[in-house]
Amino acid sequence: MQTGSTQIASLADLAVAARCPRLVVKVGSALLVDAAGPRRAWIAALAGEIAAARARGQEVVIVSSGAIALGARTLKLEKGGRGSLADAQAAAAVGQIALSGLWAELLGAHGIVAAQLLLTLEDLEDRRRYLNAAATLGRLLDAGAVPVVNENDSVATQEIRFGDNDRLAARVAQAARASAVLLLSDVDGLFDRNPKEPGAQRLPVVRGVTTEIHAMADGGSGSGMGSGGMTSKLQAAEIAERAGIALAIGNGTRDAPIARVIEQGIGTLFLPRVQKGRKAGARKAWLGGRLRLKGTLTVDAGAAEALAGGASLLARGIAAVEGDFARGDAVAIRSPEGAVIAHGLSEYDAAECRRLLGRHSSEHEALLGYSPRSAIVHRDQLVLL
């Protein structure tokens, strides 16, 4: 199956199998669960929309929140199960059974087999585990199942969590080689200011998430149940665009939310920026979407310009080294102004980088006592952001 979003130009294209053969749909906690429990009628209707997409010839992956909210209600935990890490883990362990069973039942009513896949941040940050997850997703889709993915909150700690399913959905879309992501939330899309303010205007299409776009975001979750907000959705859009994947935000609180987005065009579509005439390869897309980096290399203006031109990062262009990382770890590369301009895999550990920073390649062997590698970060292991 061909994937990618090169042919997607409008929200209507999300329903065209030839242009969007594989779609990831993310559903937030507040849409799935309310004070009375699971919103069965709404979820059943959404399952019908997913069945309609499949009938159009599309493959669908669901990224579903709701386990913590469901489990907290069963266990009668305060603060929706988010009062402590232990509460969240316990609530997730109970709620995930109910959540997966609900999806299996309601998709099964349409003759669709649901498959549960629980992921932690490390599953998608480690390259080998990422490839394993990608292979599982691919095999399930090839077999005709609908994978239902959630963060494995019962074992994830605060340090190794995605923290929201918006970014998880974007990483899953990368792994599944999806064409697009649809984030169903409680808003109609991205507005140029808080949508509660008079005169706020929805942006129908955004090509590339810029500093100005980030300034429009409201970081809070309106429902109090979820962990995301518009900021997390823009971060998800950035992850998607680095892989050449389109991402849309639509309002899930309305009836037939997928049809409302696609047929009425009510939402915001983020289209990936095309870099140097082509999108990044699979490995570079994975690297650009990483959420955990082990260190930072700050470069001078000359090195920043060279990187923009496709060069490797040499030691003489590095002005500062932060963090404690080993050879092969992912690091951020910052401009002199402090902006992150690239991610890369370091050819040296942090201590070696500190000894080499600012020095010419001809000096490396004398400084380290062994024959050096050609660059601190080779261009083949580097992706510009």
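The values are calculated or read from the model by the stated rules, or taken from the named source; none is laboratory data. In this text, all values refer to a predicted model and were calculated from it rather than measured experimentally. Note that each Cβ is placed from the backbone with ideal geometry, even for glycine, and that neighbours are counted across all protein chains shown. Accessible surface is based on the protein model in full, side chains and every heavy atom, while ligands, DNA and RNA are left aside. Shrake-Rupley method; radii C 1.70, N 1.55, O 1.52, S 1.80 Å.
Brief remarks on what is shown
- Cβ pairs under 6 Å, 6+ apart, first in region 97-115 and touching a residue at least 24 places away in the same chain (Cβ under 8 Å), second among the polar types (S, T, N, Q) and not in a helix (DSSP H, G or I): Ser100/Gln116
- Of Ile249, Ile239, all but one fail to be open to solvent by less than 20 Å² (accessible area, probe 1.4 Å), among the β-branched types (Val, Ile, Thr) and modelled with pLDDT under 95; the exception is Ile239.
- Given (1) surrounded by 20 or more Cβ atoms within 10 Å (Cβ to Cβ); (2) touching a Lys or Arg at 6+ places or on another chain (Cβ under 6 Å); (3) not in a helix (DSSP H, G or I), index of the condition Ala169 fails: (3)
- Matching residues in region 342-373 - criterion: being in a strand (DSSP E or B) and open to solvent by 40 Å² or more (accessible area, probe 1.4 Å): none
- Wholly enclosed helices (runs of 4 or more DSSP H) of region 1-114 bearing at least 2 residues farther than 28 Å from Phe270 by Cα: 40-55, 67-75, 85-108
- Only listed residue being small (Gly, Ala, Ser), surrounded by fewer than 20 Cβ atoms within 10 Å (Cβ to Cβ) and within 21 Å of the chain's Cα centre (by Cα), chosen from Ser10, Ser64, Ser29: Ser10
- Screening Asp153 against (1) closer than 29 Å to Leu85 by Cα; (2) crowded, with 24+ Cβ neighbours inside 10 Å; (3) within 15 Å of the chain's Cα centre (by Cα) leaves a single unmet condition, (3).
- Filter result for the condition that a residue is within 21 Å of Leu23 (Cα to Cα) and of a type in the set (A, V, I, L, M), over Ala173, Ala200: Ala173
- Of Gly310, Gly302, all but one fail to be farther than 24 Å from Ala175 by Cα, in contact (Cβ under 8 Å) with a residue 24 or more places away in the chain and surrounded by fewer than 19 Cβ atoms within 10 Å (Cβ to Cβ); the exception is Gly310.
Rundown of residues vs (1) open to solvent by 30 Å² or more (accessible area, probe 1.4 Å); (2) under 21 Å from Gly229 (Cα atoms); (3) more than 19 Å from the chain's Cα centre (by Cα); (4) modelled with pLDDT under 95, yes/no style:
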residue	(1), (2), (3), (4)
Ser5	no, no, no, yes
Leu14	no, no, no, no
Val25	no, yes, no, no
Ala36	yes, no, yes, yes
Trp42	no, no, yes, no
Ala52	yes, no, yes, no
Val60	no, no, no, no
Leu70	no, yes, yes, yes
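- A single entry from Leu297, Leu293 fulfils the requirement of being within 24 Å of Thr211 (Cα to Cα), open to solvent by 30 Å² or more (accessible area, probe 1.4 Å) and either at pLDDT below 95 or assigned to a strand (DSSP E or B) (or both): Leu293.
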